[in-house]
Amino acid sequence: MPMLTYREALNRAHAEALRADDDVFVIGEEVGRYGGAYGVTKGLIEEFGPDRLIDTPISEPAIVGTAVGAAMAGMRPIAELMYVDFLGMAMDQLCNQAAKIRYMFGGQIGVPMVLRTQGGTGRSAGAQHSQSLEAYVMHTPGLRLCMPATVYDAYHLLRQALEQPDPVVFIEHKGLYALREEVDLDEPPPAWGEAVVRREGRDGVLVAYSRVVHHAMAAAETLAGQGIEVSVIDLRTLNPLDFATVRREVEKTGKAMVVSEGPMTAGVGAELAARISEECFDFLEDPVVRVTGEDIPISVSVELEKGSVPGAELIEETARKLLA
Amino acid sequence: MTTPAKAGPAPATPVTTPAPERLPLYREMRRVRTFEERVGELFVRGESAGSMLHLSIGEEGAAVGVGTTMRDGDTFTTHHRGHGIFLARGADPRRMMAEIGGKETGYCHGKGGSMHIADMSLGHLGANAIVGGGIPAVVGAGLVARRRRSGAVSLAFFGDGAMQQGILYESMNMAALWDLPVVFVCVNNQWGMGTRIDQATKATALHERAAAFGLRAETVDGVDVLAVRAAAERIVGAAREGRPGFLAIDCYRFFGHARKDKSPYRTEEEEAEGRRRDPVSRARDELLAEGVAEEELDTLDREVATEMDAAIDYAIASAEPQLDSMFRDVFAPDQPEPEPVRTRIDRVLARD
């Protein structure tokens, strides 16, 4: 099987989607000539030209809004926001426009666009370039939300996102672009919206998505060495949310931890913990524990940045306490 | 009362200011240049917090020409490429360098970094990593200055990239509408990351847009620090009287967007040509031509190098912030700090 990076898998997904459907195009800052700030669209302009890799001025609301309009007019835009933090600029177009159009116009039209971006910590990029803002998106009805953790998912989830009838926000993790895995992209992917159990265990379940899946896997490996076996669920998409898989694992083990890099309060972990508490109450032996980022902005200091978000160590330590 | 916009860059100002008065401007520009070179060195030595360091080399004329016209009480915001402006306004290079290294002794205790250096005591309302993000704050500061009759001006510094952000136009319109003591300063280094200004807009005579809102607006050649300062004195002076303005300063970004960017999107010829537009060497040549002794300038350069070497040493010798300092300053000092995740987990799991 070929070795591929997360970045290369995304690049390939773009190339194949552009090749397969003339209506697909990419629009955003530095997506064409530059090849993307993180190199995801590198080289694509050579094959597909500037009409399909549209470089824009630094105008985030208009980038997202243009994609909304193009989707309504019948094409399949992939808009790129260089950093998820720039969602602050484009929030109106995403949340008041893209998310609402099908509903408020009585189902007459949808907005089949993909908004690609990247978030998370790991580069000392500071408070305005390191956030995990998926909860903003997840909180808005009408938006789908994908957060791939693996090379395989980066490829397949992007291809699947481009088949959806509604707006999909696709958040990559800046700390995963160089992740290299052996993958067979020809292997058929799970259905859109399905979570994957990355590891099975009898003692408890760790629910995760995006980069923290890898931290959860590393923690699970360490725990296994101590005789504690945990399941690790990679949600892959947060909307749709595959709660059936979560329920099954929680019912099996009776103990659950949810892991996310974003701040704790009103975050994705809060939603998951609430649902598990409500829907699996009779099976739970302990409170559902959230292992999340701190309720603080991200610092540029390497030490403070690292300390602000959960790593394998905190997950493992918490699991030992919970499962003891 | 709107001044008609000039058609383009002003012609080079004839050298009329005597050398002794211009020497401080040269020194300030040399300080900015050398500071930025040392920032590059800090990165190479692995002592910077990350690689998102945006050097303002080539923009010294803009930083010093405008920065030195500000008075105590004036306020300003800067952008991700704002080291030079802040230094020209009187910042301590040691604390700046420490901030760039993410150290406790930095201006923001290692929380902000290169893109968020600020010192409220110098009127610096903050550097910003969101393109255009710092612009509207000067409208607010200008509103306060007018209401309190403080005589202060508030200046927003930003790059040509921000010229395509809607927030600039909302801000310029409000400043003009309310006759606020506000100045918008566009440091036009020709490149927004990998996008040349003419790839971002058809309307490259940037001051014309500001004039359309009723602002006094000029474009000036940033290679000539005296021309920049003269223009800044006109525009800032008028703003102090309640006539808001806009100044575009043409210059060239000598290096890549950030430290890891090798500028593959522009030709070597273009870079060579652009780097000939060097405000520091131009000022030096002019001083020499006027009879200032080369040894005097060499001595000055050495003094600046020593100062900036000390800034690097200071940054490297400074301690990392204490880990628990990350919970400080989310809210005001008398407010409870957020509970750490680890503490909460222990509390929750300690239940029986």
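A few points about this structure:
- Choice from B:LEU177, B:LEU42, B:LEU122 with maximal GNM fluctuation in chain B (Cα, 10 Å cutoff): B:LEU177
- Each DSSP beta bridge with both residues in the protein assembly as shown is either parallel or antiparallel, and the antiparallel ones are about 15%.
- Antiparallel beta bridges, as assigned by DSSP with both residues in chain B, represent about 10 percent of the total such bridges.
- Neighbouring Cβ atoms from other chains, within 10 Å of the Cβ of residues in A:301-313, number 6 on average.
- Less than 5 angstrom separates the built amide H of A:ARG76 from those of A:VAL24, A:PHE25, all sequence-distant by 5 or more or on a different chain.
- Under 5 Å, built H, 5+ apart or other chain: amide partners of B:THR69: none
- The mean sequence separation of alpha-carbon pairs under 8 Å and at least six residues apart, normalised by the residue count of chain A, gives a relative contact order of 16 percent.
- Relative contact order, percent, the stretch A:196-323 [alpha-carbon distance under 8 Å, six or more residues apart]: 28 percent
- Spacing of the modelled spin labels on B:LEU23 and B:ARG148, each 7 Å from Cα toward Cβ, amounts to 3.8 nm.
- Projecting the Cα atoms of A:THR150, A:ILE101, B:ALA239 onto the dipole axis of the protein assembly as shown, where Lys and Arg carry +1 and Asp and Glu carry -1 at the beta carbon, places B:ALA239 farthest toward the positive end.
- Sites A:ALA178 and B:THR299, calculated FRET efficiency, Cβ-Cβ separation with R0 45 Å, nearest 0.05: 0.40
- Take the Cα of B:LYS262, step 7 Å toward its Cβ, do the same at B:ALA205, and the gap between the two points is 4.0 nm.
- Working note: 222 nm ellipticity from helices only, DSSP H runs with n ≥ 4, each -39,500 (n - 2.57), summed and divided by the residues of chain B, gives -13500 deg cm²/dmol to the nearest 500.
- Here's how it looks for A:ASN239: its modeled amide H is under 5 Å from those of A:LEU145, which are all 5 or more places away or on a different chain.
- In order along the stretch A:62-72, phi translates into HN-Hα couplings of 6, 5, 5, x, 5, 5, 4, x, 5, 5, 5 Hz, rounded to whole numbers, per the Karplus curve 6.51 cos²θ - 1.76 cosθ + 1.60 with θ = phi - 60° and x for Gly and Pro.
- Packing here is the average count of other Cβ atoms within 10 Å per residue, and on that basis the peptides A:204-214, A:305-315, B:332-342, highest first, run A:204-214, A:305-315, B:332-342.
- Using the Karplus relation 6.51 cos²θ - 1.76 cosθ + 1.60 with θ = phi - 60°, the per-residue 3J(HN,Hα) values for the stretch A:254-269 come to x, 9, 9, 10, 10, 10, 8, 7, x, x, 5, 5, 6, x, 4, x Hz, with x marking Gly and Pro.
- Karplus-derived 3J(HN,Hα), 6.51/-1.76/1.60, for each residue of the stretch A:179-195, Hz, glycine and proline x: 4, 10, 9, 7, 9, 10, 5, 6, 5, x, x, x, 4, 3, x, 8, 7
- For chain B, the membrane-span-like helix rule (DSSP H, alpha carbon extent of at least 18 Å along the helix axis, mean Kyte-Doolittle at least 1.0) picks out B:135-147; this says nothing about an actual membrane.
- Efficiency of FRET between A:ASP92 and A:ALA266 - r from beta-carbon atoms, R0 30 angstrom, step 0.05: 0.90
- A simple spin-label model places pseudo-atoms 7 Å from Cα toward Cβ; at A:GLU46 and B:ALA317 they are separated by 5.1 nm.
- Within the stretch A:127-165: backbone nitrogen closer than 15 Å to the A:MET104 label point (7 Å, Cα to C-beta): A:140-143
- In percent, rounded to a whole number, the relative contact order of chain B is 23, using alpha-carbon pairs under 8 Å and six or more apart.
- If R0 is taken as 30 Å, the Cβ-Cβ distance between B:GLU337 and B:MET120 corresponds to a FRET efficiency of 0.90.
Here, each number is a calculation from the coordinates, and none is a lab measurement. Not measured: the values here are computed from a predicted model. Counting neighbours? That spans all protein chains shown, and the Cβs are built from the backbone with ideal geometry, glycine included.
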